[in-house]
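A.B. asks: Sharing a structure below in structure tokens format, with a few things to ask.
Each value in this text was obtained by applying a stated rule to the coordinates, not by laboratory testing. Everything quoted here is computed from the prediction, not taken from an experiment. Ideal geometry is used to build each Cβ from the backbone, glycine not excepted, and the neighbour counts take in all protein chains shown.
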Amino acid sequence: MFRHTDHLQFDAKPEKPDPVYAHKLQELIGGAFGEMTVTMQYLFQGWNCRVSGKYKDLIMDVATEEIGHVEMLATMVARLLEGAPATATSKAAMADPVVGAVLGGMDPQQAIVSGGGALPADSNGYPWNGRYIIASGNLLADFRANVAAEAQGRLQTARLYNMTDDPGVKDMLRFNLARDTLHQNLWLKAIEELHSDGLEPSTVCPNALQDEEYAEHASTIWHLSDGTAAAEGGWASGPQPDGQHEFTYVMDPMPLGNGTMPPAPDPKLYDTYDGGMGKAKGPALGTETGPIGKLKDKFTP
């Protein structure tokens, strides 16, 4: 159950309308690292969490707060759009090329589609996409993604903070910056607790299948660029953070695989081919791949 109150978590009161900045602020609503993304990411992580208690409670607390951040930003966008585009504004734009150029930076869909309000879209007007979210059911993997999401969101908020002189907008963004800082630290602390609670070794994929992986390739860092400064980093030698591997920096690695040529093409696909690799093997595209297809492959010359 969710309950809504008509009070914002923090004020969203610009000093004056600014439709161009409202267009920019859309990124913090519907961008890949915007508040809609972290809202849905944390909600689905919480709903899918199989560990009752503090971890699920933490995820749902932050997820519910993020709904409020979408509301704050949507309210701010609507207030920045107040009076634009109005008839008087449109006339001024036609009369003054400078005004017209400024108004040209606003998102017309904010007027045409949402009636002077915010959109579930980014600063280019691209609709928010559910594929932005990460909710794998693996808390370590998810919490690491959450740290990155909060870091990217805070970075974009900081950039937008420097793109406005409106004291009311800056006031709200100061609050958002602080909450992003807190949330990064929350997820980092939660990662620490996963380790200390003993959940990481048995339930998190990064530690699974280590007896199956090629362990010799879990240590070597391949030098594959012109620069050589990476060999000076702490990751070039010594123990790895997991305590189970050592770093080794290889300056002139040799490829381990064969050539890159694909197999001979199926004639029915009409690829350009000189016959150098013989006839195609296996079923043609679109043919049966089950038992019947396998029998046909076996007995068809």
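A.B. asks: With the convex hull built on the Cα atoms of the stretch 19-200, state its orientation-averaged projected area in nm². Display every interim value, and only then the final one.
C.D. replies: Numbers: hull surface 41.8 nm².
With the hull built on Cα positions only, its mean projection is 10.5 nm².
A.B. asks: On to the next question. Just tell me which aspartates and glutamates come within less than 12 Å, Cα to Cα, of LYS16; anything on the same chain fewer than 8 places away is out.
C.D. replies: The reachable aspartates and glutamates, counting only those whose Cα sits under 12 Å from LYS16, are GLU82, ASP165, ASP166.
A.B. asks: So for each of 238-249, 121-132 I average, over its residues, the number of other beta carbons within 10 Å; can you give me the resulting order with the highest mean first? Kindly include the intermediate steps, with their values, before the conclusion.
C.D. replies: On the way: 238-249: 11.5, 121-132: 15.2.
My ranking of the peptides, most packed first, is 121-132, 238-249.
A.B. asks: Another one. Roughly speaking, what is the centre-to-centre gap between the stretch 1-36 and the stretch 119-150 when only Cα atoms are used, to the nearest Å?
C.D. replies: Result: 17 Å between the Cα centres.
A.B. asks: Show me 212-218, 175-181, 162-168 ranked by packing, highest mean number of other Cβ atoms within 10 Å first. Intermediate values should be presented prior to the final figure.
C.D. replies: On the way: 212-218: 9.3, 175-181: 17.1, 162-168: 13.6.
Output ranking for 212-218, 175-181, 162-168: 175-181, 162-168, 212-218.
A.B. asks: Excluding GLU15 itself, what net charge comes from residues whose Cβ is under 15 Å from its Cβ, given Lys and Arg +1 and Asp and Glu -1?
C.D. replies: Numbers: positive: LYS13, LYS16, ARG79, LYS170, ARG174; negative: ASP11, ASP18, GLU82, ASP165, ASP166, ASP171.
Spelling it out: positives minus negatives among the neighbours equals -1.
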